[in-house]
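The values are calculated or read from the model by the stated rules, or taken from the named source; none is laboratory data. All values derive from a computational prediction rather than experimental measurement. We place every Cβ from the backbone using ideal geometry, glycine too, and count neighbours over all the protein chains shown. To get the accessible areas, we keep the full protein, side chains included, count just its heavy atoms, and leave off ligands, DNA and RNA. Shrake-Rupley method; radii C 1.70, N 1.55, O 1.52, S 1.80 Å.
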Amino acid sequence: MGRLETADKQSVHLVENEIQATIDQIFSHLERLEILSSKEPPNKRQNAKLRVEQLKYDIQHLQTALRNFQHRRYTREQQERQREELLSRTFTTNDSDTTIPMDESLQFNSSLQKIHHGMDDLIGGGHNILEGLRAQRLTLKGTQKKILDIANMLGLSNTVMRLIEKRAFQDKYFMIGGMLLTCVIMFLVVQYLT
């Protein structure tokens, strides 16, 4: 690896190939060593396998170092090529086509700001409506409870009570449908008027 760091540009490929061949040869020897270590007596087998694993780790470390060196060399060569291309390129002045149309962008930005504020107002109004509906719900729940108490006192039949509950269930769907229709209309108004 020391020869690789000090090699000139022409011989660096030869040194890399020589190191790679040596690493491959060591890997093949390690495979043989692994087979031979399994044939060792049981008391020496664990120690032999540990040494073989340590050698594998060391060789993998060398392989990684070689790959890192090759990657750095490739990156350096690529940077040198790009530098030479930049130095050999002739530059010209800018054409008039490089102007940026700012007026349209400013108008677009101001329109977006107005729409943003309008949407905030719509959301605020929707929030107020929702709070009002919640308050009405609480009032209607209290009223329903009082009506049920009065109905129980008057002895209304279960059938009439079920009809009232069914009607309340249907009214809930009408309310949700009306809310969705209102939201769709508001969206379409905003969409087509801006």
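Points to keep in mind about this one:
- Residue in region 174-184 that is in a helix (DSSP H, G or I), surrounded by 10 or more Cβ atoms within 10 Å (Cβ to Cβ), polar (S, T, N, Q) and at pLDDT below 90 present: no
- Considering F187, F169, the condition of being closer than 30 Å to M119 by Cβ, open to solvent by 70 Å² or more (accessible area, probe 1.4 Å) and aromatic (F, W, Y) is satisfied by F187 alone.
- Summed over region 32-50, residues that are surrounded by 12 or more Cβ atoms within 10 Å (Cβ to Cβ) and either assigned to a helix (DSSP H, G or I) or among the hydroxyl-bearing types (S, T, Y) (or both) total 6.
- Residue satisfying all of: in region 83-128; open to solvent by 100 Å² or more (accessible area, probe 1.4 Å) and of a type in the set (S, T, N, Q); modelled with the highest pLDDT among these: N128
- None of E18, E34 is free of Cβ contacts under 8 Å to residues at least 12 places away in the same chain and in contact with a helix residue (DSSP H, G or I) (Cβ under 9 Å, 6 or more places away or on another chain) except E18.
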